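For reference, the structure is listed below as structure tokens.
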Amino acid sequence: MEPAIIDIQHLKKSFGPNHVLADLSLKVNKGENLAILGKSGTGKSVLIKCIVRLLDPDEGSITVFGKNMEELGEGELNEIRKKMGFLFQSAALYDSLTVRENLEFPLRTLPKITEEEMNKRVEEALQNVDLAAAIDKMPSELSGGMRKRVGLARSLILKPEIMFYDEPTTGLDPITSRGISHLIVAVRKKYNTSSIIITHDIECARITSDRVIVLDKGKCIAEGTIDEVSKSDNNEVKAFFQ
Amino acid sequence: MLCLMGNLVFKYHKQVLFNPMIDNNEAVIVKKESLIKRYLVGMSKLTVFFVHFFKEVFKPPYEFKEFMKQSYRIGNQSFLLVATTAFIMGLVLTIQSRPALVQFGAQSWLPAMVAVSIVREIGPVITALICAGKVGSGIGAELASMKVTEQIDSMEVSGINPFKYVVVTRILSATLMLPLLVVFADTVALFGSYFGVNLKDTVSFQLFFIEVFQKLDFSDVFPAFIKTFFFGFSIGLVSCYMGYNADNGTEGVGKAANSAVVFGSLMVFVVDMVAVQITNLFST
């Protein structure tokens, strides 16, 4: 069996007296889509921010591609980050840049990329999310769903091996949400990515995930396929699925 | 340092002296301790930010395109505001100074006196204060909103150093653009002064500027020009610090913009005070 691409052991993270993650362990296998469900404030976003080291955990270990994230220097960390894509809840597009410039932005980390190659990659990434026509627009001219898709295109432009989706369907109407969920599935097929999808949206989890875990108070309270988890006896999990 | 001290005093007054819940000496001491702790933490964070800037500024890759963009925003887009203010400043200073000189029959000294005032002190300080308002609030609010909307996090996970891209470029632009704006402002203010002189007297353009340049000395121009780099640096540093360390939420954006203007302006006076002392030290 292939080793897990992400291996988290006994992760703890607190903000003052607030224990957000309490001894959490989980693994993500290559090519797997893992959805993390849970109420607001249960530590879902903190977990993925710890994985990409936007936050430093208090205790525990995070191993990505076989490397302990805490032991990496700045250069090595940036090299690993180039293999990761992150779709933020707000899409986090750079307001002062056009869609094209937003997509070109991560490409600056690649050594000696030609302008032709850059244009090709930008156009391809936008075609993947069906937004080729928006290439010269400013982020302020885009709708919420379009911003998410541009954000997704930007996170895919470096052809990552791992994708993190932080509440990809929050704030979108059901039809657009479904579109984004199917896009996540398409991304996995096309790029063979492993993904962690943070969501409250059961339908999104059902469409996108191979496996689901439910977090409560920073601990995993249920794990399995979405059908298995939905039949759990745990009251917190039941409440979530009702 | 002084801006943080001002912040401390303000918070102390607000939270301790005017708080009816704290009515015994022990509670006041505890509050004082926590405020001192917060002051020291703030000081150390600003120092770390300052050191971080110097660590990043010489390290490649250099964000030249972003630096040019910020220089355009800070410099070019402030021209009109600076020009208008400078013209009025020169004009008003001339009109206000004239009666006092007339009393001594010394109105022929007016161009020289106004020029020395503008070049040595008023031009740099007023221009820096305008920039602390316009540029400082812009940088503070922009960086804070970038932080709130996770744009800075997004750069970091893309493997791009956000400090270098966002902070270093803005501080450098502010440092280099402010002196140019001050030179421009001084020039416009002298034109304003020429206009002011000609409201009551008739002085030719050539004579006015001969008077100005005869009295202006290297020791008037050089220290005043050098201190503008420090004005620009302190405005850039403080506003980037406030924006980059803003609290989350829209309230944090407002606070960052406000603090950037208040502490940026305060820093201008602090730097000016230090610069005047150093200049005096060398001139004596």
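The values are calculated or read from the model by the stated rules, or taken from the named source; none is laboratory data. Just so it is clear, the model here is predicted, and its values are computed rather than measured. FYI the Cβ positions are ideal-geometry reconstructions off the backbone, even for glycines, and counts take in every protein chain you see. In case anyone asks, the SASA skips ligands and DNA or RNA and just uses the protein heavy atoms, side chains included. Shrake-Rupley method; radii C 1.70, N 1.55, O 1.52, S 1.80 Å.
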* To do: Can you send over the solvent-accessible area of A:Asp227, 1.4 Å probe, protein chains only, in Å² to the nearest 10?
  => 80
* For chain B, list log₁₀ I(q)/I(0) at each q in 0.08, 0.12, 0.13, 0.14 Å⁻¹, using the Debye formula over Cα point scatterers of equal strength and ignoring solvent, two decimals each. => -0.43, -0.84, -0.93, -1.01
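What ranking of B:Met273, B:Met267 comes out by heavy-atom accessible area, probe 1.4 Å, highest first?
Highest to lowest solvent-accessible surface, that is B:Met273, B:Met267.
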* Structure fact -> Ranked by GNM mean-square fluctuation in chain A (Cα springs under 10 Å), the top entry among A:Val150, A:Val46, A:Val212 is A:Val46
* Heavy-atom accessible surface that A and B bury in contact, both chains counted, 1.4 Å, Å² to 100 -> 1700
* Structure fact -> Fraction of alpha-carbon pairs in the protein assembly as shown farther than 36 Å apart, rounded to whole percent, equals 47
* Measure off, as a whole percent, the carbon and sulfur share of the 1.4 Å-probe accessible area of region B:61-283, all protein chains present. => 70
* Can you list the residues, at least 5 places off or on another chain, whose amide H is less than 5 Å from the amide H of A:Asn33, using H built in the peptide plane? -> A:Ser195, A:Asp210, A:Arg211
* Per residue, how many Å² of accessible area does the protein assembly as shown show with a 1.4 Å probe? -> 49
* Structure fact -> Hits for chain B under the membrane-span-like helix rule (DSSP H, Cα axial span at least 18 Å, Kyte-Doolittle mean at least -0.5) are B:25-57, B:79-103, B:169-200, B:218-244, B:250-283
* Within the set B:Lys69/B:Lys164; A:Lys217/B:Lys255; A:Lys83/B:Lys164; A:Lys44/B:Lys147; A:Lys39/A:Lys83; A:Lys83/A:Lys137, which residue pairs have Cα atoms separated by over 23 Å? -> A:Lys217/B:Lys255; A:Lys39/A:Lys83; A:Lys83/A:Lys137
* Inter-chain shielding of A:81-92 (mean C-beta neighbours from other protein chains, 10 Å cut-off) -> 4
* Ellipticity estimate at 222 nm from DSSP helix runs (n ≥ 4, -39,500 (n - 2.57)) divided over chain B, nearest 500 -> -26500 deg cm²/dmol
* Structure fact -> Cross-link reach from B:Lys32 to lysines, straight Cα distance under 22 Å and at least 8 residues apart if same chain, gives B:Lys11, B:Lys14, B:Lys45
* Column: log10 I(q)/I(0), Debye, Cα scatterers of chain A, q = 0.08, 0.09, 0.11, 0.18 Å⁻¹ -> -0.30, -0.38, -0.57, -1.43
* Structure fact -> Over all directions, region A:87-159 yields a Cα convex hull whose mean projected area in nm² is 4.4
* Part-to-part distance (alpha-carbon centres) for region A:205-222 and region B:266-282, which is given in Å -> 60
* For A:His200 and A:Asp56 in the same chain, what is the full-extension length gain: residue separation times 0.36 nm, less their Cα-Cα distance, in nm? -> 49.4 nm
* Asked: How much of the accessible area of chain A, probe 1.4 Å, is carbon plus sulfur, in whole percent?
  -> 48
